[in-house]
Amino acid sequence: MPSNEHRPTERVLDILELLSTNGNGMTLTELSKSLNAPKSSIMPLVHTMTTRKFIYMNPESFKYFIGIAAFSVGSSYTNHIDALEFIKAEMRHIVLESNETCQLGVQSRSNLLYIAKEDSAQPIRLVSYVGKQLPLYCTAIGRAILADMEPDEIYALYPDGLTEFTPHTITQWPLLFAELEETKKRGFALEHEESTPDVHCVGVSLKNKGRIFAALSVSIPSYRFSEDKLNFVIELLKESKAALETSFSSDLIDLSSLS
């Protein structure tokens, strides 16, 4: 599909996205392969980004990582989001009631991008982090977002098909669309060990003026999972969704930075 984006700028952003989701760092060769671009074309970009401290290179492993300048930009963004702090207060309420991890995510192209997380006090809990990305189709948050989209839009996000992350991942289009239809009917999304083994997730979308801009989920490890726990979490998420969307519609919360 042709892109209307400025190619060099697009590659800079792609490099930042790749490094933000690869905690072990990436070499120039690995970046080149992931971007499907020759090393000679991305080397000037990497050099400039390193000089400006948006990324840095470990001289021993020759791997690149996110740099302090990128962190500063991200911190500036989150420090000015009243809406995010408002949502996080509701997330803390969900965690307090359910004693499970709650996450907030937004769509980033074909992926879910986690932008906030509130951990439970449980000694064993979901291992994830803000900035992590996963395909929308295999996560509860992602399905809550996809359920509002037309099939053609979803096909366009995954021109090479659906990749298996665990033995439970739905990778057949008819099964995915059936699950998305159920998600729309019942008002919440479910995901059972499809992105992470031994973890079940429930997700609900968050809308402002009829448009989904984010979604919330709660993750439950298999050994704590039960139908009673699932139903309790579903009700918690539905209550929080209603409370948050009522506040958004009052125009007291500025959502522009999350849209």
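Just one of the listed residues (Glu90, Glu17, Glu100, Glu85) is touching a residue at least 60 places away in the same chain (Cβ under 8 Å), closer than 30 Å to Thr246 by Cβ and open to solvent by 30 Å² or more (accessible area, probe 1.4 Å), and it is Glu90.
Within segment 178-187, the set of residues being hydrophobic (A, V, I, L, M, F, W, C) and either part of a loop (DSSP other than H, G, I, E, B) or surrounded by 14 or more Cβ atoms within 10 Å (Cβ to Cβ) (or both) comprises Leu180 only.
Taking segment 188-241 as the range and being open to solvent by 30 Å² or more (accessible area, probe 1.4 Å), in a helix (DSSP H, G or I) and either free of Cβ contacts under 8 Å to residues at least 12 places away in the same chain or not aromatic (Phe, Trp, Tyr) (or both) as the test, the residues that pass are Ser222, Arg224, Glu227, Asp228, Lys229, Asn231, Glu235, Lys238, Glu239, Lys241. Considering only residues that are under 18 Å from Leu190 (Cβ atoms) and either aromatic (Phe, Trp, Tyr) or exposed (fewer than 11 other Cβ atoms within 10 Å of the Cβ) (or both), which ones fall in segment 128-171? Residues satisfying the conditions are Tyr137, Phe165, Pro167.
Within segment 111-153, can you find the residues that are assigned to a loop (DSSP other than H, G, I, E, B), of a type outside the set (Val, Ile, Thr) and at pLDDT 95 or above? Give the steps one after another, and end with the answer.
Narrowing segment 111-153 to residues assigned to a loop (DSSP other than H, G, I, E, B): 119-132, 139, 147-150.
Those still in the list that are of a type outside the set (Val, Ile, Thr) too: 119-123, 125-126, 128-129, 131-132, 147-150.
Scanning segment 111-153 gives Ala147, Asp148, Met149, Glu150.
Pairing each residue of segment 31-44 that is under 16 Å from Phe62 (Cβ atoms) with any residue that is among the basic types (Lys, Arg) and at pLDDT below 95, provided the two are 6+ apart or on different chains, yields C-beta distances under 6 Å for Ser32/Lys39.
The values are calculated or read from the model by the stated rules, or taken from the named source; none is laboratory data. Note that this is a predicted model, so its numbers are computed, not measured. Reconstructed Cβ throughout: ideal geometry from the backbone, glycine too, with neighbour counts over all protein chains shown. Calculation scope for accessible area: heavy atoms of the full protein, side chains included, ligands and nucleic acids excluded. Shrake-Rupley method; radii C 1.70, N 1.55, O 1.52, S 1.80 Å.
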